[in-house]
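Report on the structure given below.
The values are calculated or read from the model by the stated rules, or taken from the named source; none is laboratory data. What you see is a predicted model; the values in this text were computed from it and never measured. These accessible areas exclude ligands, DNA and RNA; they are computed on the full protein's heavy atoms, side chains included. Shrake-Rupley method; radii C 1.70, N 1.55, O 1.52, S 1.80 Å.
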Amino acid sequence: LFEECGHWSRHDEGFADQVMNKIKTKVSKERVRVLEFMKDYDKLRSGRIPVTSFRRALDLCGFGLSKMEVNALEEKYRSHKDPSCVDYMKFSDEIESIFTVKELEKMPTAEVCQFVPPEEVDLNQLSPEEDQILQKCMHRIAERVRIRRIQLFPLFEDYDRVHIGSVTNSQFRRVLSELELGGLVSDLEFGLMFNKFGVQVGGRNDVYYIAFCGMVEEYAQSRWNDPALK
């Protein structure tokens, strides 16, 4: 994906942030010490390791990332000093920020946002009839996204101040409205989305927009690759 594009766009950044949220959620629950898996590859203590070592370390961490997800992290943290390497210390510091902010004592006025992972991220099950209605709606949205090349993540991230991958129901509707997608969704379909992508965050009902965006982009991409449409 990123080699083909030849540049790093805000859309790619949004996908990388999605992957980081996935990792942060796992780390916060299982206390995976990312740095321990990576620092041994850095013999010179430069803060950089080869891309191949970074991939190996991610695999050892047990995050279960796809090739596309790994590529996104490689691009996000690629070293400016040595493009064949990844700044793993920056990556590790970002992960560790869910527990503590590095050198916080030097920033006494800094506003610290605690990472709060969704209590559940598995998609909820709908009845076959409800799922059929929702799938038709999701494909309508995906087609609009494909035709207009709409970037979904940035607006959602603007509302997701603490980077937990979810927004409130009203914020979700507002984002779709701002993207001119809300008109494609009926009240019934919004209700089904809230059920399908709903998560509990601190006792509040949220919408897990990462899963929503992922499904829309998957449908949009599969239609984009359909030979019959070319």
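Laid out as a table, the results:
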{"read-out": "Entries in 67/136; 29/90; 26/196; 43/76 that, when Cα-Cα distance is taken, lie over 26 Å", "value": "67/136"}
{"read-out": "In Å², nearest 10: area of residue 127 left accessible to a 1.4 Å probe", "value": "40 Å²"}
{"read-out": "Nonlocal amide H pairs with residue 49, under 5 Å, H built at 1.01 Å", "value": "86, 88"}
